[in-house]
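J.: This is the structure I have questions about; it appears just below.
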Amino acid sequence: MWITRQAKALERDLDGSAQKIVLLDKPAPDFHVTAIDGRAVSLSDYRGKKLVLVFWASWNNVSHSEMLRLGMLYQRFHPAESGFDIVGIAVDDDQADVKKFAADSKLPFPLVLDRRRELANAYQVRSLPTTLIIDDDGKVVYGSVGAAQGRQADFARHLGVGSGDFRMEMGAPRGRGN
């Protein structure tokens, strides 16, 4: 049954909708989950702030670079009074793999294991990594599929972070006017 479900998900991905952010400009589905470090995490915890949800997997190499970029972003631009937070949602089967990646990468934000793809399905995520920004009113205002290369300025604008500094922090060269 699991194989059939995965095969059907792959078929959906091949139809071109894998790159589409279905919930853009719509209310984000609520969730109440436990992070791998044991803390409770829910969408309502972040009301009044912007929330970045990044769907990723330890077995997906593109996800690794995206998670590392977001970890650097968080460390650089996330003081205590920051207007945003990040939650990583691992679409993995093995919590040990997620914990190892988190420990090796020293990720500073909570990670949630989504073994059954309940969150990924609720947010209609079809490709990894997928990054969403939920505004302080709970609406999905930004989404991207794949690595954020080339989309840093738009991402930074939605978070209220200086795009020139953000691009430099994320490894993109700064050109004139940045």
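The values are calculated or read from the model by the stated rules, or taken from the named source; none is laboratory data. Source: prediction; values computed, not measured. Please note: Cβ atoms are built from the backbone with ideal geometry, for glycine as well, and neighbour counts cover all protein chains shown.
J.: Under 20 Å from Gln124 (Cα atoms), free of Cβ contacts under 8 Å to residues at least 24 places away in the same chain, out of contact with any helix residue (DSSP H, G or I) (no Cβ under 9 Å at 6 or more places or on another chain) and surrounded by fewer than 20 Cβ atoms within 10 Å (Cβ to Cβ) - does that describe any residue in the stretch 88-103?
T.: Yes.
J.: Could you tell me how many of the residues in the stretch 80-105 are outside any helix (DSSP H, G or I), out of contact with any Pro (no Cβ under 6 Å at 6 or more places or on another chain) and within 24 Å of Ile134 (Cα to Cα)?
T.: Looking only at that region, the number is 12.
J.: Is there any pair linking a residue in the stretch 72-84 that is closer than 16 Å to Leu107 by Cβ to one that is part of a helix (DSSP H, G or I) and at pLDDT 80 or above, with Cβ under 6 Å and at least six apart or on different chains, and which?
T.: Going by the 6 Å Cβ cut-off, the qualifying pairs are Phe84/Leu159.
J.: Turning to a different aspect of this structure: Could you list, in sequence order, all residues of the stretch 18-35 that are surrounded by 14 or more Cβ atoms within 10 Å (Cβ to Cβ), assigned to a loop (DSSP other than H, G, I, E, B) and of a type in the set (Val, Ile, Thr)?
T.: Within the stretch 18-35, Ile21 is the sole residue that qualifies.
J.: Name every residue in the stretch 36-55 that is over 14 Å from the mean Cα position of the chain (by Cα), among the aliphatic types (A, V, I, L, M) and part of a strand (DSSP E or B), in order of residue number.
T.: Within the stretch 36-55, Ala40, Val41 qualify.
J.: A further question on this structure: Which of the residues spanning the stretch 79-94 are in contact with a strand residue (DSSP E or B) (Cβ under 7 Å, 6 or more places away or on another chain) and either among the hydrophobic types (A, V, I, L, M, F, W, C) or closer than 18 Å to Gly48 by Cβ (or both)?
T.: Gly83, Phe84, Asp85, Ile86, Val87, Ile89, Ala90, Val91
J.: I would also like to ask the following. Which residue, of Arg69, Arg12, Arg39, is farther than 16 Å from Ala122 by Cα and modelled with pLDDT under 90?
T.: Answer to the selection: Arg69.
J.: When you scan the stretch 156-174, do you find a residue that is in a loop (DSSP other than H, G, I, E, B), of a type in the set (D, E, K, R) and at pLDDT below 95, even just one?
T.: Among the residues of the stretch 156-174, at least one is in a loop (DSSP other than H, G, I, E, B), of a type in the set (D, E, K, R) and at pLDDT below 95, which makes the answer yes.
J.: Return yes or no: is Val62 in contact (Cβ under 8 Å) with a residue 40 or more places away in the chain, outside any loop (DSSP other than H, G, I, E, B), of a type outside the set (Ser, Thr, Tyr) and within 18 Å of Ala103 (Cβ to Cβ)?
T.: no
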